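Notes follow once the structure below has been shown.
The values are calculated or read from the model by the stated rules, or taken from the named source; none is laboratory data. Computed from a predicted structure; not experimentally measured. In this analysis, Cβ positions are derived from the backbone assuming ideal geometry, glycine residues included, and neighbour counts consider all displayed protein chains. For the accessible areas, the whole protein counts, side chains as well, though only heavy atoms, and no ligand, DNA or RNA atoms are used. Shrake-Rupley method; radii C 1.70, N 1.55, O 1.52, S 1.80 Å.
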Amino acid sequence: MSQPIQYYSTNHQSEKVSFREALLRGQAPDRGLYMPERIPQLSKEQIAAFSSMQYHEIAYTVISQFVQDEIPADDLKALLKAAYNFDVPLENVYGRNYLMRLDQGPTASFKDFAARMMGQVMQYFLRQENRKMLILTATSGDTGSAMASAFYGLDNINVVILYPETEVTDRQRKQMTTLHNNISVISLDGKFDDCQALVKKAFADSDLDYLGLSSANSINIGRLLPQSVYYFYAFSRLAKGIDDEIIFSVPSGNFGDLMGGIIAKHMGLPVKKFVISTNANDEVPVYFHSGNYKTIVPSKNCISSAMNVGHPSNMARIIDLYGGEMDEKGNILKKPDFDRLTKEMYAVSISDAETENTIKRIYDSHKVLLEPHGSVGWTGLQHFYADNIDVDSHEQLAVSLETAHPAKFPNEINEILDIDPVLPPSLSNLEGKEEIMTPLNNDYAKFKEYLMANFK
Ligand SMILES: *Cc1c(COP(=O)(O)O)cnc(C)c1O
């Protein structure tokens with residue numbers, strides 16, 4: 001095996017660490033994000049072989065490149081097989097345009113893909129050292145429920161989830177607040193960005209070192225790697241051969257999902273273009289068009305609520321991968337290769353009105369049911385075609401990611417289509433269960449007090 005891959009911080013102040021340390025720490029001490037010092041390459045033959053492999057086998061081939069011998073092959077295989085025991089449907093809409101439904105996991109959003117692997121791998125490492133950990137995670141709805149489900153009952157890990165009081169749906173909230181035991185939930189009188197800011201502050205606070213804090217947000221490298229696997233999977237099932245090229249449209253908030261795709265491309269997956277689809281929080285599309293990056297504070301409330309992010313934490317990673325440097329506040333300290341960035345990606349912002357129109361239009365014309373995030377992705381792809389008439393929208397292979405199950409957004413769907421999406425089993429047993437959460441003001445001192453009082 002080649003030299004083990006080390007993980008460096010995008011702020012370049014902290015030491016390089018192993019995969020294990022990067023995963024357990026979450027964020028680097030200098031507040032940067034961990035990145036692998038090199039992206040391992042898969043050969044054309046390896047990628048071509050995926051067409052006859054199951055999802056968890058593809059996951060092993062991809063993820064083992066980064067983990068190397070930090071987890072023995074048989075252990076990693078078993079862990080991935082247990083984590084990925086659900087379907088990944090690819091639904092044809094027209095021509096060679098597909099939806100990839102990443103909503104068949106236990107909490108019905110794509111966040112399950114990352115959460116399930118992370119929980120298992122963290123537990124694996126912590127057990128070896130007989131070490132305990134407290135995970136802090138900010139959520140706009142889906143991360144919290146995915147983490148809660150994946151970490152529930154793990155004996156070395158406690159989880160504290162912060163969600164913005166008014167920005168998650170009833171169903172999303174119940175997925176977090178009805179579990180109890182090692183899962184604690186804070187309802188914050190603030191926005192998602194406020195939740196994220198409190199979590200980041202706690203990490204930087206040495207008074208809390210004794211808690212063994214880590215993060216399960218997409219700042220954690222362990223969140224990203226599993227999210228590169230389904231890009232390979234989609235290609236393996238839909239491409240005409242290894243020389244085919246694929247477009248992905250990724251509805252984006254914190255850009256962790258997209259970052260997984262970018263890693264897949266840099267490993268060798270023949271991606272022709274990433275369409276970055278955002279809601280009205282358009283700081284990244286504006287950056288792509290103007291070269292000026294300006295965070296949106298406060299972020300705007302859109303119906304694709306899991307993407308109401310005014311400064312995506314993974315921007316620092318994207319800028320880094322393209323040769324630049326961005327600090328955690330969003331200042332670009334060194335310019336990336338902007339030509340390459342904008343050549344490989346196309347960014348577009350979709351309004352709520354368009355998001356709703358698409359849900360209606362695609363249901364009426366194709367009987368395909370989208371929820372708001374998937375609709376942003378699909379609409380973005382259509383914008384890309386409209387702007388690039390040289391690309392044949394029927395012949396081109398394209399996959400738009402549907403990141404949550406429509407039944408997670410029953411009110412929106414009902415208002416637009418006048419139907420009630422059928423609940424998947426994972427969402428149907430929440431009613432009537434006791435909810436426990438702690439309401440807190442958006443005040444770091446109060447949050448710190450809560451942590452110190454509840455976790456010793
Ligand atoms: C989290 C989330 C997104 C955004 O993903 P990022 O990795 O933050 O860009 C999109 N859709 C849904 C349903 C989500 O839960």
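Couple of notes before you dig in:
- Residue-normalised accessible area of the chain, given per residue in Å² at a 1.4 Å probe: 38 Å²
- Histogram of C-alpha separations across segment 1-121, 5 Å bin width, %: 2, 10, 16, 17, 19, 17, 11, 6, 2, 0
- C-alpha center-to-center spacing [segment 385-456, segment 309-353] in angstrom: 24 Å
- Carbon + sulfur, % of accessible area of segment 108-176 - ligands and nucleic acids excluded, 1.4 Å: 38 percent
- Percent of Cα-Cα distances greater than 21 Å, calculated over segment 54-198: 51 percent
- Translational diffusion of segment 290-365 was estimated from the Stokes-Einstein equation, with Rh taken as the Kirkwood radius over Cα pairs; at 10 °C and 1.306 mPa s the coefficient is 110 µm²/s.
- For segment 239-325, the calculated P(r), taken from all Cα-Cα distances in 5 Å bins from zero up to the bin holding the longest distance, is 3, 14, 22, 25, 17, 10, 6, 3, 1, 0 percent.
- Kirkwood Rh, angstrom, segment 5-53 [1 / mean 1/r, Cα pairs]: 12.2 Å
- Computed on the Cα trace of segment 153-209, the radius of gyration divided by the Kirkwood hydrodynamic radius gives Rg/Rh = 1.01.
- Among the listed pairs K111/K343; K77/K343; K201/K273; K191/K360; K16/K408; K77/K456, those beyond 31 Å (Cα-Cα): K77/K343; K201/K273; K16/K408; K77/K456
- Estimated purely from DSSP H runs of n ≥ 4, each contributing -39500 (n - 2.57), the mean residue ellipticity at 222 nm for the chain is -12500 deg cm²/dmol once divided by its residues.
- Straight Cα distances below 20 angstrom link K240 to the aspartates and glutamates E45, E91, D392, E395, with same-chain residues fewer than 8 positions distant left out.
- In this entry, the chain is assigned a mean projected area of 20.1 nm², taken as a quarter of its C-alpha convex hull surface.
- On the beta carbon distance between K16 and I389, with R0 = 41 Å, the FRET formula returns roughly 0.35.
- Value of relative contact order over the chain, rounded to a whole percent, pairs C-alpha under 8 Å and six or more apart: 19 percent
- Heavy-atom accessible surface of segment 1-104: percent carbon and sulfur, 1.4 Å: 45 percent
- Segment 169-251: translational diffusion in µm²/s, Stokes-Einstein, Kirkwood Rh over Cα pairs, 37 °C, 0.692 mPa s: 196 µm²/s
- Modelled FRET efficiency - R0 51 Å, N92 with N331, Cβ distances, 0.05 increments: 0.70
- Rolled with a 1.4 Å probe across the full set of protein chains, the surface gives K265 an accessible area near 50 Å².
- Rg(Cα)/(2.2 N^0.38 Å) for segment 324-456, N = residue count: 1.51
- Unit charges at the beta carbon, dipole of the chain: most positive-side option, G32, Q382, S187: G32
- Nearest-10 value in Å² for the accessible area of M117, using the 1.4 Å probe: 0 Å²
- In this Cβ point-charge picture (+1 for Lys and Arg, -1 for Asp and Glu), the chain has a dipole of about 760 debye about its Cα centre.
- Dividing the C-alpha radius of gyration of segment 244-292 by 2.2 N^0.38 Å, with N its residue count, gives 1.20.
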